[in-house]
1. State yes or no: is ALA113 open to solvent by less than 20 Å² (accessible area, probe 1.4 Å), at pLDDT 95 or above and over 15 Å from the mean Cα position of the chain (by Cα)?
2. For segment 119-140, enumerate the residues that are open to solvent by less than 20 Å² (accessible area, probe 1.4 Å) and either more than 14 Å from GLU18 (Cβ to Cβ) or not in a helix (DSSP H, G or I) (or both).
3. Do we find a residue being hydrophobic (A, V, I, L, M, F, W, C) and either assigned to a helix (DSSP H, G or I) or over 19 Å from the mean Cα position of the chain (by Cα) (or both) anywhere in segment 2-10?
4. Would you please list the contacts, defined by Cβ atoms under 9 Å and residues six or more apart or on different chains, that run from a residue in segment 186-200 that is within 14 Å of LEU100 (Cα to Cα) to a residue that is of a type in the set (Gly, Ala, Ser) and open to solvent by 50 Å² or more (accessible area, probe 1.4 Å)?
5. Out of the residues in segment 146-159 meeting the condition of being under 15 Å from the mean Cα position of the chain (by Cα) and open to solvent by 30 Å² or more (accessible area, probe 1.4 Å), tell me which one is nearest to GLU55 (Cα to Cα).
6. Listed residues LEU180, LEU166; which is of a type in the set (A, V, I, L, M) and part of a loop (DSSP other than H, G, I, E, B)?
7. Please list, ordered by first then second residue, the pairs with beta carbon atoms under 8 Å, 6 or more apart or interchain, first in segment 135-162 and closer than 24 Å to ALA205 by Cα and at pLDDT below 95, second in a loop (DSSP other than H, G, I, E, B) and among the basic types (Lys, Arg).
8. Give the residue that is modelled with the lowest pLDDT, with candidates limited to residues of segment 165-211 that are open to solvent by 30 Å² or more (accessible area, probe 1.4 Å) and among the β-branched types (Val, Ile, Thr).
Amino acid sequence: MTMEYRTKEEQVADFLREGILSGQFPRGTRLKQVEIAELLKTSITPVREALKLLEAEGYITGSSYKGATVVPFDVTASSEILMLRMLLEAQLVRGAVEKLQTSDVEKLRTLAAEFEAAAKKGDSSAARAINYRFHRRIYDIADLPHTLHFVQILWARYPFDLINRLSGRAERAAAEHAELLDQMIAGDTAGAMLTTRRHIETGWAELRSSLNE
């Protein structure tokens, strides 16, 4: 894991967010400061501070020296979170369309291609991690840090790991990513916002359908 930007605390926090949302650190997993520090080749201090941040955001509980636990998924809260995600993430996409640069397009195309390749291979673990990076990259471009902060809190309570394990979901998500990226490049703000809302809603609808089977 090569950490490229932000403070060490923020880098560690982003690594752990990605790991939790992708399923690398499943719900209920114990996260130990020493093990994380060794994995990232960093000191205990930024790990400890990152865990405090993630506890405040709701990703973990008990950020003590002995370790922290990834919070379980609460299905009863997800309907409200779904609506908030669609609202806030659409606004982040709006901001990203307005600020999109050529270098951003190249990076997003690469991530979209990597996600599609992982989906075709059936590598769900890689696909989940790349999915996080793709969306996070878009939202970073928007440069709306307060909105992104609230979205990250919502992500902590959302079952990405379960949704991305659904049969065929990764392939369908790859097509949705491609549509979103094409609209962003074309400057179609309304279309990109609508695709974002549909992308979020579709994943949740497919999960609810699978839970009711």
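1. Considered against the rule, which asks whether it is open to solvent by less than 20 Å² (accessible area, probe 1.4 Å), at pLDDT 95 or above and over 15 Å from the mean Cα position of the chain (by Cα), ALA113 comes out as no.
2. ALA119, ILE138
3. No, every residue in segment 2-10 fails to be hydrophobic (A, V, I, L, M, F, W, C) and either assigned to a helix (DSSP H, G or I) or over 19 Å from the mean Cα position of the chain (by Cα) (or both).
4. Short answer, once both residue conditions are applied: ALA192/ALA186.
5. Start the filter on segment 146-159 by keeping residues that are under 15 Å from the mean Cα position of the chain (by Cα), which leaves 147-159.
Remaining after also requiring open to solvent by 30 Å² or more (accessible area, probe 1.4 Å): 147, 149-150, 153, 157.
Numbers: THR147: 19, HIS149: 13, PHE150: 14, ILE153: 10, ARG157: 12 Å.
Result: ILE153.
6. Exactly one of LEU180, LEU166 is of a type in the set (A, V, I, L, M) and part of a loop (DSSP other than H, G, I, E, B), namely LEU166.
7. Every condition considered, the pairs that remain are ASP161/ARG27.
8. Filtering first and then ranking leaves THR202.
The values are calculated or read from the model by the stated rules, or taken from the named source; none is laboratory data. Given the structure is predicted, the values throughout are model-derived calculations rather than measurements. FYI the Cβ positions are ideal-geometry reconstructions off the backbone, even for glycines, and counts take in every protein chain you see. Each accessible area value is taken on the protein alone, full model and side chains, heavy atoms only, with ligands, DNA and RNA left out. Shrake-Rupley method; radii C 1.70, N 1.55, O 1.52, S 1.80 Å.
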